[in-house]
Amino acid sequence: MMTEPMADTIISLKDVRRDFGPVAAVDGVSFDIARGEFFSMLGPSGCGKTTLLRMLAGLDQPTAGSILLDGQPMAGVPANLRPTNMVFQSYAIFPHLNVVENVSYGLKRLKLARAEEKARVDQALALVKLEGYEQRGAHQLSGGQRQRVALARALVCRPKVLLLDEPLGALDKKLREEMQVELRSLQRSVGITFVFVTHDQEEALTLSDRIAVMARGKVLQIDTATGLYERPYCREVAEFIGTMNLFAGRVTKIGHEISVDAGSIGTLRAPASEARISVGDAVHVAVRPEKLSVLTGKARTGTNVVTGKLVASTYLGDRSRYLVQVPGVPAPVSVSLQHDGQHAAGVALPGSKINLAWPASAGIVLTA
Amino acid sequence: MRKIFTPLTLYAILFTVFLYGPVLLMPLFSFNDNTFAVFPLKGFTLKHYASMAANGSMLGALWNSLVVATIVAVIATAVGLPTAIALTRYRLRGGGAIAAALMLPLVVPSIIFAVALLVILVRILNVELSLLTVGASHVFICLPFAIMVLMSRLEGFDKSLEEASRDLGEDGWGTFRRVTLPLAWPAVISSLLMCFIISFDEFVMAFFLSGTDPTLPVFLFGQLRFPNKLPGVLALGSLILLVSTILVVAAELLRRRGVQEKPA
Amino acid sequence: MPDAMPRQTAAGFSGLAAGYALLSPAMLIIVAMLVAPMLALVTLSFWTQNGFELDTSFTLANYWALIEPADEPTMWMGIPFPFKNPVYAILMLKSLVMSLAVTAAVILIAYPMAYFLAFRVTRYKALWIIIITIPFWTSYLLRVFSWKIMLGFNGVINSGLMSLGIISEPLSFLLYNPPAVVITLTHAWVTFAVLPIYVSLEKIDRSLLEAATDLGDSKWQRFRRVTLPLSLPGTISAALLVFIPTVGDYVTPTLVGGPGGTMIGNSIQSLFLKQDNSPRGAALSIVMMAIVALLSLLFMWAVGYRKIRARSA
């Protein structure tokens with residue numbers, strides 16, 4: 001993974017590795033996170049994202065590699081002495097303490113004047129909109145309120161980095177969407193670097209400045225939401241973020257465009273990519289469903305045109321989704337059509353023959 | 001665990017030594033060829049066991065204890081099972097109070113129950129003290145243990161299994177016989193074993209409530225006063241410890257298996 | 001009880017009837033073995049023993065005998081007891097103090113063991129728990145008796161130390177005194193306290209401990225601020241489970257207490273079986289129970305047990 005030097009780096013990971021017995025939970029990860037960034041680690045469960053987060057917090061130690069936090073090496077620094085604070089997946093609200101006692105938990109060791117401690121707690125509670133709940137016991141709080149207490153409790157310590165371990169996972173969908181908006185604006189207002197772990201790609205895309213997509217202990221790609229969607233580096237990222245249609249073939253020509261011979265569906269063209277490709281390589285041409293269009297009128301042949309049979313169509317209000325079985329392509333091709341007059345709803349019937357096309361610029365050549 | 005030998009581990013080992021050390025002296029000296037339990041050890045002998053086996057009154061007491069403990073275990077478990085079912089499967093008004101009352105023998109000093117039973121049996125009802133009165137009191141003090149073991153098992157398995165049996169056409173008794181009882185079986189055995197041990201080892205109730213026929217602990221207590229009976233006491237005590245240990249381990253293993261079988 | 005299984009939910013009327021039917025044997029036992037004997041005990045405490053005859057006219061004399069004042073207070077351990085029969089008050093106080101000492105010792109010894117079980121043992125946990133539980137189930141009488149062998153004048157410690165040449169004369173202060181009773185009771189009850197403490201430690205969500213560390217606590221601070229308060233419910237129940245029964249213990253003071261180590265249980269036993277004054281014995285039993293219950297409630301109130309329990313639920 002390439003890491004460009006950053007102007008203001010707060011976290012720097014170098015070849016970080018964590019083995020659990022024979023299994024590498026984190027397998028040689030290196031990247032930097034910029035100060036003030038909302039950075040997400042996204043991946044399926046078991047991809048190593050939580051282990052990585054816990055190593056940042058100091059709750060777990062890397063087997064090898066180094067972690068720099070604001071320039072300081074973190075090896076040997078225990079969790080309680082690190083300038084990080086965490087929002088736990090379970091929130092870990094102390095059940096024997098009320099809201100104020102929970103929030104002020106990390107301040108006690110600072111031995112602040114009573115008034116100052118109170119001011120900081122009040123400020124943190126205001127930040128998460130929990131004024132008036134000061135004396136509530138932990139068991140009297142709803143899931144959303146517990147989440148806010150966990151946030152306030154971590155933020156009140158003014159950490160250099162706030163670590164969030166799937167903090168929205170336990171909330172229902174509506175509350176989760178509300179909290180996403182709040183979390184993002186909260187991060188902007190406090191200006192603290194957030195490192196956010198999630199398995200929900202939509203959540204990661206909504207919240208983050210940059211996202212690290214992880215699988216099997218490795219980072220596959222670090223990019224902005226747009227970057228990940230429009231320019232995935234590999235098939236895995238392409239398929240993990242949104243829906244992607246893949247056409248297998250072999251490279252026949254490399255110029256300002258790449259030509260791919262996709263067998264029975266003909267030659268496909270796509271823009272040249274950064275990846276190192278030579279003629280004869282087995283590749284996939286990847287196209288997002290919304291980049292495909294249905295050709296009306298007579299059947300045509302040519303580049304980036306495929307013909308198949310409509311197997312299912314789903315009306316989704318503002319758009320329709322077609323599944324088209326194309327001979328020579330294993331999975332049905334997914335097409336998303338906007339209802340903008342040109343494509344009226346419910347035109348095609350299942351079983352009917354259908355021609356799909358896309359501009360060469362919409363294709364992405366993926367090596368793996 | 002990177003460090004194996006932490007101070008806390010050392011503490012746990014010392015704790016175990018403290019727990020077992022004094023008790024293990026009994027079997028140690030029971031094989032020692034000496035009438036006193038003193039160091040240094042003299043030599044290995046089985047004669048204390050032999051003389052014990054020839055002691056008729058001791059064998060009588062042993063027989064009494066075996067009979068009482070067996071019957072007590074069966075009755076306490078037979079009463080404990082419906083009680084545990086009622087307390088886990090029904091939300092009954094007053095159920096909590098009844099459960100609390102049944103648990104009282106766990107906390108209240110047994111001498112209180114012993115004298116209270118003594119009063120009602122002898123002073124009010126004029127009943128002759130016998131093994132029967134001992135057994136009745138043992139059922140009472142075994143019941144909380146039986147109920148706890150059975151309840152933890154009944155809470156451990158999915159209630160919808162019983163509902164499924166109902167749904168598949170079984171009536172209440174059939175469901176109990178074909179679903180509840182087989183699933184609760186390890187706990188039933190465990191409860192039988194535990195109640196047996198409790199009754200077999202119980203002293204205070206038996207001391208107050210037995211008539212002329214002593215149970216083994218009461219007999220043993222009588223022997224403790226005579227220093228020359230010490231070797232026999234040691235041999236008998238060692239055997240009791242051995243049997244109790246075997247039964248406890250069996251009961252505990254069954255109970256754990258019973259509890260852990262619940263689906264994840 | 002053929003038709004006594006639950007009908008889907010416990011809500012229906014027939015379901016409730018079945019539920020109570022299932023409970024009936026236990027309720028019968030409560031009435032026969034708990035309620036009736038207790039009522040009999042209370043009744044008897046208001047009667048009088050006249051030789052072999054029972055005088056069934058109501059009297060408070062048995063209670064009065066326990067606290068009847070005397071002109072000259074009896075001194076015991078420098079404390080004046082202004083009673084005509086000071087033995088009861090003295091034994092009561094002594095029993096309470098000894099039980100408190102036992103309870104404190106048991107908790108102090110059991111807590112680290114429970115902590116070890118909950119946080120250090122990863123493999124063989126079941127084995128450890130069985131090892132801890134076995135002694136509790138083996139004969140109480142024999143466990144107490146083993147201390148008599150240990151501490152006796154001709155006992156293991158004395159003969160051991162003598163054969164090692166450390167002492168030339170047996171130590172006579174080991175057995176037949178209150179410390180011997182406290183040691184023996186501590187040993188007999190310590191395993192009983194490990195389990196409730198262990199359960200409350202085991203229940204603590206590990207992420208709470210991580211959160212405490214994350215918020216800046218050292219290991220010791222974390223123990224004091226999170227682990228200890230969250231384990232209080234189990235620790236308090238363990239303390240009560242040891243304190244209440246040991247106050248009335250009879251076996252231990254009889255076997256290892258000697259004349260100086262007797263407790264209130266000996267006095268009750270003596271009144272019933274030796275002095276043939278069961279009405280006074282009944283009164284003494286009831287007073288002992290009342291005092292223990294009162295002290296336990298006071299203790300629970302003082303530590304805010306309900307609140308602690310509700311919060312850590």
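Scanning for something closer than 30 Å to B:MET194 by Cα and small (Gly, Ala, Ser), does the stretch B:28-42 turn up at least one residue?
Yes: one or more hits.
For C:PHE52, work out the one condition from (1) more than 10 Å from chain B (Cβ to nearest Cβ); (2) at pLDDT 90 or above it doesn't fulfil.
(2) is the only condition that C:PHE52 fails.
Please specify each residue of the stretch A:131-159 satisfying the condition of being of a type in the set (Lys, Arg) and either more than 10 Å from every other protein chain (Cβ to nearest Cβ) or in a strand (DSSP E or B) (or both).
Once the filter is applied, which keeps residues that are of a type in the set (Lys, Arg) and either more than 10 Å from every other protein chain (Cβ to nearest Cβ) or in a strand (DSSP E or B) (or both), the stretch A:131-159 yields A:ARG136, A:ARG146, A:ARG148, A:ARG158.
Just for the stretch B:167-213: of the residues that are farther than 30 Å from B:LEU224 by Cβ and small (Gly, Ala, Ser), which one is nearest to the other protein chains (Cβ to nearest Cβ)?
B:GLY172
For the stretch A:218-294, give me every one of the strands (runs of 3 or more DSSP E) that falls completely inside it and has 2 or more residues that are farther than 30 Å from A:ASP15 by Cβ and assigned by TED's automatic domain parsing to the domain that holds A:GLN325.
It comes to A:245-254, A:257-261, A:267-271, A:282-287.
Looking only at the stretch C:99-115, how many residues end up being closer than 15 Å to C:ALA239 by Cβ and open to solvent by 10 Å² or more (accessible area, probe 1.4 Å)?
9
Among the residues of the stretch A:264-284 satisfying the criterion of being of a type in the set (S, T, N, Q) and modelled with pLDDT under 85, which is surrounded by the fewest Cβ atoms within 10 Å (Cβ to Cβ)? Give the steps one after another, and end with the answer.
Of the stretch A:264-284, the ones of a type in the set (S, T, N, Q) are A:264, A:267, A:273, A:278.
From the residues that got through so far, the ones that are modelled with pLDDT under 85 too are A:264, A:273, A:278.
Numbers: A:SER264: 9, A:SER273: 17, A:SER278: 7.
Out of the qualifying residues, it is A:SER278.
Within the stretch A:84-111, how many residues are open to solvent by less than 40 Å² (accessible area, probe 1.4 Å) and either outside the structural domain of A:ALA57 (by TED's automatic domain parsing) or in a loop (DSSP other than H, G, I, E, B) (or both)?
Of the residues in the stretch A:84-111, 9 are open to solvent by less than 40 Å² (accessible area, probe 1.4 Å) and either outside the structural domain of A:ALA57 (by TED's automatic domain parsing) or in a loop (DSSP other than H, G, I, E, B) (or both).
Could you figure out which of (1) open to solvent by 70 Å² or more (accessible area, probe 1.4 Å); (2) of a type outside the set (Asp, Glu); (3) facing chain C (nearest Cβ under 10 Å) isn't true of B:GLY95?
(1)
If you scan the stretch B:7-42, which residues turn out to be open to solvent by less than 30 Å² (accessible area, probe 1.4 Å) and at pLDDT below 85?
Those that are open to solvent by less than 30 Å² (accessible area, probe 1.4 Å) and at pLDDT below 85: B:ASN32, B:ASN34, B:ALA37, B:VAL38.
Which helices (runs of 4 or more DSSP H) sit wholly inside the stretch B:72-160 and have at least 1 residues that are over 28 Å from C:GLY265 (Cβ atoms)?
Qualifying helices (runs of 4 or more DSSP H): B:95-107, B:131-156.
Can you name every residue in the stretch C:118-142 that is under 16 Å from B:VAL17 (Cα atoms), of a type outside the set (Val, Ile, Thr) and open to solvent by less than 10 Å² (accessible area, probe 1.4 Å)?
C:PRO135 - this is the single residue of the stretch C:118-142 that is under 16 Å from B:VAL17 (Cα atoms), of a type outside the set (Val, Ile, Thr) and open to solvent by less than 10 Å² (accessible area, probe 1.4 Å).
Just to check your reading of the model, which residue among B:PRO22, B:PRO40 is within 7 Å of chain C (Cβ to nearest Cβ), assigned to a loop (DSSP other than H, G, I, E, B) and under 25 Å from C:LEU142 (Cα atoms)?
Criteria check complete, one pass: B:PRO40.
List the residue pairs whose Cβ atoms are under 7 Å apart, where the first residue sits in the stretch B:186-213 and is among the aromatic types (Phe, Trp, Tyr), the second is open to solvent by 30 Å² or more (accessible area, probe 1.4 Å), and the two are 6 or more positions apart or on different chains.
B:PHE196/B:THR70; B:PHE196/B:LEU247; B:PHE203/C:TYR140
A:MET55: assigned to a helix (DSSP H, G or I) and either among the aromatic types (Phe, Trp, Tyr) or in the same structural domain as A:ALA150 (by TED's automatic domain parsing) (or both), yes or no?
Taking the combined requirement at face value, the residue satisfies it.
Here is a list: B:THR83, B:THR77. Which entry is closer than 25 Å to B:SER244 by Cβ, open to solvent by less than 20 Å² (accessible area, probe 1.4 Å) and touching a helix residue (DSSP H, G or I) at 6+ places or on another chain (Cβ under 6 Å)?
B:THR77 is the lone residue from the list that is closer than 25 Å to B:SER244 by Cβ, open to solvent by less than 20 Å² (accessible area, probe 1.4 Å) and touching a helix residue (DSSP H, G or I) at 6+ places or on another chain (Cβ under 6 Å).
This table checks each residue for (1) in contact (Cβ under 8 Å) with a residue 24 or more places away in the chain; (2) closer than 24 Å to A:PHE38 by Cβ.
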{"position": "A:THR206", "(1), (2)": "yes, yes"}
{"position": "A:ALA215", "(1), (2)": "yes, yes"}
{"position": "A:GLU239", "(1), (2)": "no, no"}
{"position": "A:PHE247", "(1), (2)": "yes, no"}
{"position": "A:THR252", "(1), (2)": "yes, no"}
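Would you confirm whether any residue within the stretch C:177-199 is surrounded by fewer than 23 Cβ atoms within 10 Å (Cβ to Cβ), outside any helix (DSSP H, G or I) and more than 7 Å from every other protein chain (Cβ to nearest Cβ)?
yes
Among (1) open to solvent by less than 10 Å² (accessible area, probe 1.4 Å); (2) assigned to a helix (DSSP H, G or I), which single condition is A:LEU168 missing?
(2)
Given the criterion closer than 30 Å to C:GLN269 by Cα and surrounded by fewer than 17 Cβ atoms within 10 Å (Cβ to Cβ), identify the matching residue among B:LEU117, B:LEU106.
Matching residue, one of B:LEU117, B:LEU106: B:LEU106.
Let me confirm something: among A:THR50, A:THR9, which residue is open to solvent by 30 Å² or more (accessible area, probe 1.4 Å), of a type in the set (Val, Ile, Thr) and within 12 Å of chain C (Cβ to nearest Cβ)?
Exactly one of A:THR50, A:THR9 is open to solvent by 30 Å² or more (accessible area, probe 1.4 Å), of a type in the set (Val, Ile, Thr) and within 12 Å of chain C (Cβ to nearest Cβ), namely A:THR50.
Specify the residue that is surrounded by the fewest Cβ atoms within 10 Å (Cβ to Cβ); the eligible residues are those in the stretch C:153-168 that are outside any helix (DSSP H, G or I) and facing chain B (nearest Cβ under 8 Å). So that I can check it myself, show each step before the final result.
We begin by selecting, within the stretch C:153-168, every residue outside any helix (DSSP H, G or I); these are C:153-155, C:164-168.
Filter once more, keeping what is facing chain B (nearest Cβ under 8 Å): C:154-155.
Values: C:ASN154: 13, C:GLY155: 22.
Of everything passing the filter in the stretch C:153-168, C:ASN154 is surrounded by the fewest Cβ atoms within 10 Å (Cβ to Cβ).
Quick test for you: out of C:ILE236, C:ILE268, pick the one residue that is of a type outside the set (Asp, Glu), without any contact (Cβ under 8 Å) to a residue 60 or more places away in the chain, within 14 Å of chain B (Cβ to nearest Cβ) and part of a helix (DSSP H, G or I).
Residue meeting the stated conditions: C:ILE268.
Give B:VAL188, B:VAL179, B:VAL259 a once-over and let me know the one that is surrounded by fewer than 24 Cβ atoms within 10 Å (Cβ to Cβ) and at pLDDT 90 or above.
Going through B:VAL188, B:VAL179, B:VAL259 in turn, the sole match is B:VAL188.
Mind listing whichever residues of the stretch B:114-126 are over 14 Å from C:LEU54 (Cβ atoms) and more than 7 Å from chain C (Cβ to nearest Cβ)?
Listed by number, the residues that qualify are B:ALA114, B:LEU121.
Give me the pairs: first residue in the stretch C:200-217 and within 7 Å of another protein chain (Cβ to nearest Cβ) and on the phi > 0 side of the Ramachandran plot, second residue in a loop (DSSP other than H, G, I, E, B) and open to solvent by 10 Å² or more (accessible area, probe 1.4 Å), beta-carbon distance under 8 Å, and six or more apart or on different chains, which are they?
From residues that are within 7 Å of another protein chain (Cβ to nearest Cβ) and on the phi > 0 side of the Ramachandran plot, the pairs are C:GLY216/A:CYS157.
The values are calculated or read from the model by the stated rules, or taken from the named source; none is laboratory data. Computed from a predicted structure; not experimentally measured. Note that we place each Cβ from the backbone using ideal geometry, even for glycine, and neighbour counts take in every protein chain shown. SASA here: full protein model, heavy atoms, side chains in, ligands and nucleic acids out. Shrake-Rupley method; radii C 1.70, N 1.55, O 1.52, S 1.80 Å.
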